[in-house]
Each structure stands twice: as C-alpha cells, then as structure tokens.
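To start, the structure itself, in structure tokens.
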Amino acid sequence: MRELALNILDIAENSLRAGATLVEIDLAADFSQDAFSISVRDNGKGMSKEMLASVCDPFTTTRTTRKVGMGLPLFKYSAESAGGTFHITSEEGKGTAVTAAYRISHVDRMPLGDFGGVALQLVTMNPGVDFCFTAKAGDRQGELDTREVRAILGEEIPLGAPEVRAFLKDYIKENLTDIFGGRL
Amino acid sequence: MKSLEELRALREKMKSQTDNRSVAGSDETVIKVGMATCGIAAGARPVLDALLDEADKRHLHNVSISQTGCIGMCRLEPIVEVFKDGQKFTYVHMTEDKARKVMNDHVVNGNPVKEYLIGEN
C-alpha cells in the first residue's frame with residue numbers, strides 16, 4: 001500500500017464487514033502545525049476487549065481463509081513510521097473508531113493518493129450503507145453525506161447509477177479533494 | 001462549486017430512463033472484484049475503475065459490477081469474478097488493460113479470455 005487513500009479504503013472495508021450502516025470518514029490538515037489526521041468511525045458490531053488488544057497484531061484476523069490480517073497493522077505502521085500516532089477504540093455492539101495522525105513533512109509519510117476515487121468507490125458500491133466524509137484544511141472545509149444525497153434522489157435511483165456517479169465524482173473533487181489543494 | 005441542488009434536476013431527468021433499464025433483467029452479467037487488504041495492495045482499485053469505465057463508455061446496463069471481500073487466494077490478486085450464462089469465470093493477476101480486454105471480449109462479445117483465467121497461469 002503506497003497511498004493513504006488505499007489504507008482508508010481498507011479500514012472502511014473492515015467497517016462494512018462489521019455490518020456498519022454508517023461510516024464516517026474525516027480528514028483534517030493543519031499545514032501551519034504540519035499535522036494531518038485521518039479518522040474512520042463506524043456503527044458496526046465493534047469488538048471485545050481481548051480482540052481490541054491484539055487487533056494490531058498481523059496474526060490476528062476474523063477471516064477464516066488464512067491466519068493473517070494486515071489492514072490495521074499497515075495503517076498503524078503508516079502513521080507511526082511518519083512521526084505520527086495511531087489510536088483505535090471499540091465497543092461491542094456500538095462500533096469502532098480508528099484515528100491516525102501524521103506529520104505532513106515527514107519523509108516517510110505516504111502521499112494521500114486518490115482519495116476522491118476511494119470516496120466515490122465506497123459511496124457508489126455499497127447500496128445499504130451511508131457514508132459521511134468531511135475534509136478540512138485551515139478555514140476551508142467540505143462534506144459529502146450520502147444521507148442527504150439519498151434524501152434528494154429518493155428510493156428508486158441508486159447512488160451507483162452512471163449519471164449519479166458522474167455527478168458525485170465532480171462533487172467529491174470540488175468539495176473534498178480540492179480542499180487540500182494537492183498538498184498532501 | 002457543485003451543489004447537491006443539481007441532483008434534483010438530475011433525478012427528474014433520470015426518472016424517465018429507469019423504466020427501460022429494468023427490462024434487461026435475465027441475461028445480466030455480474031462482476032465482482034476482490035477488495036480486501038490483499039486485493040487493494042495488489043492494485044484492485046484501478047482494475048475496478050477500468051471495469052466501471054468500460055461499462056460506462058459502452059452503456060452496458062445489464063452488467064452489475066460490485067466489490068467483495070477476500071476471495072481466498074491472496075497471491076493471485078487482483079481477482080475478478082465474472083458470472084455469465086450460469087457459469088463462474090475467475091480471472092487472476094488482473095490489470096487495467098486485462099480488465100478492459102475482459103469487458104470487451106467476454107462480457108460484450110461472449111468469448112472468455114482463456115489466458116487470464118485461473119488455472120491457465
């Protein structure tokens with residue numbers, strides 16, 4: 001994984017696996033403080049204290065096809081190898097929250113990558129799940145909340161319809177990725 | 001700046017189209033792309049984007065493209081599964097170009113791209 005956006009996608013996939021109906025993804029950059037943070041919160045099934053304690057171990061996973069689970073360890077590593085911090089909290093039945101913080105200028109900080117593409121993919125490929133994205137850099141901020149989009153479109157038009165996809169693609173670019181002005 | 005208000009206009013425009021689209025039904029092709037850590041790290045996102053792009057370009061309304069979790073053969077990722085004519089085809093080690101070829105030859109014209117199928121390599 002060479003992009004933070006791919007890590008975000010991977011963590012969000014965990015949320016979907018946990019049966020979340022709402023996933024909130026927040027990106028915040030403060031260039032004057034050289035700080036950038038990513039947080040992913042969901043209302044999925046959460047996990048037990050024992051699971052939480054070992055979840056960043058690559059040899060812990062819930063899937064049965066093999067014994068390794070690299071998603072969270074890689075995300076944790078992306079932050080800690082770039083002068084940042086990593087936190088995960090979870091409560092059974094309530095959901096899970098993962099936050100990673102980065103030093104923007106750190107030489108080992110991965111580029112953000114195609115965050116817009118990841119956001120578009122999550123929104124359009126998961127009909128039963130709502131997403132709320134926020135992006136913030138200094139005094140500029142933007143938001144995409146699929147609950148609002150669904151309220152306008154009504155029941156019969158899916159978010160994955162080609163015309164809606166095309167609109168959302170531009171909307172995400174202007175309201176989320178352009179906020180960072182290519183500096184991440 | 002684009003605003004969500006534009007969606008209202010879009011909805012009105014689309015309402016008239018939804019009817020003829022639902023007719024497609026029975027001969028639908030279902031395509032699934034593995035999108036777990038293994039798939040993402042191997043480059044499943046560009047593959048998925050290429051598939052969607054081809055479907056858009058060709059106005060393929062009887063094709064449903066979705067993502068799935070770990071298919072179980074991480075070393076063969078990116079994996080694309082095509083369900084067509086009651087059969088399942090598993091394409092492995094996919095790239096953007098291969099994905100476009102599969103859309104073109106298999107999904108549109110009905111000829112599976114044998115050299116990309118699992119078991120062939």
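Summary of computed values
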quantity	calculated
Hits in segment A:72-96 - residues which are under 16 Å from residue A:22 (Cα atoms) and in a strand (DSSP E or B)	A:90, A:91, A:95, A:96
Given (1) out of contact with any strand residue (DSSP E or B) (no Cβ under 9 Å at 6 or more places or on another chain); (2) assigned to a helix (DSSP H, G or I); (3) crowded, with 18+ Cβ neighbours inside 10 Å; (4) more than 9 Å from chain B (Cβ to nearest Cβ), index of the condition residue A:113 fails	(2)
Complete set of residues in segment B:10-37 that are within 12 Å of another protein chain (Cβ to nearest Cβ), assigned to a helix (DSSP H, G or I) and either at pLDDT below 60 or exposed (fewer than 12 other Cβ atoms within 10 Å of the Cβ) (or both)	B:12, B:13, B:18, B:19, B:21
Number of positions in segment B:67-90 that are assigned to a strand (DSSP E or B), facing another protein chain (nearest Cβ under 8 Å) and either touching a residue at least 40 places away in the same chain (Cβ under 8 Å) or loosely packed, with under 15 Cβ neighbours inside 10 Å (or both)	0
Some residue of segment A:11-28 being among the charged types (D, E, K, R), within 14 Å of chain B (Cβ to nearest Cβ), assigned to a helix (DSSP H, G or I) and under 21 Å from residue A:184 (Cα atoms)	no
Some residue of segment A:53-75 being touching a strand residue (DSSP E or B) at 6+ places or on another chain (Cβ under 7 Å), away from every other protein chain (no Cβ under 14 Å) and crowded, with 17+ Cβ neighbours inside 10 Å	no
In segment A:173-184, residue farthest from residue A:107 (Cα to Cα) [restricted to those that are more than 9 Å from chain B (Cβ to nearest Cβ) and surrounded by 18 or more Cβ atoms within 10 Å (Cβ to Cβ)]	A:176
Matching option when the condition is out of contact with any Cys (no Cβ under 9 Å at 6 or more places or on another chain), closer than 21 Å to residue A:3 by Cα and of a type outside the set (A, V, I, L, M), among B:95, B:29, B:90	B:95
Residue A:163 vs. criteria at pLDDT below 90, assigned to a helix (DSSP H, G or I), within 22 Å of residue B:60 (Cβ to Cβ) and at the interface with chain B (Cβ under 8 Å from one of its Cβ atoms)	yes
Candidate set from segment A:130-152 (those that are among the aliphatic types (A, V, I, L, M) and surrounded by fewer than 21 Cβ atoms within 10 Å (Cβ to Cβ)); member that is farthest from residue B:15 (Cα to Cα)	A:137
Segment B:103-118: number of residues that are among the polar types (S, T, N, Q) and in contact with an Asp or Glu (Cβ under 6 Å, 6 or more places away or on another chain)	1
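The values are calculated or read from the model by the stated rules, or taken from the named source; none is laboratory data. Given the structure is predicted, the values throughout are model-derived calculations rather than measurements. Reconstructed Cβ throughout: ideal geometry from the backbone, glycine too, with neighbour counts over all protein chains shown.
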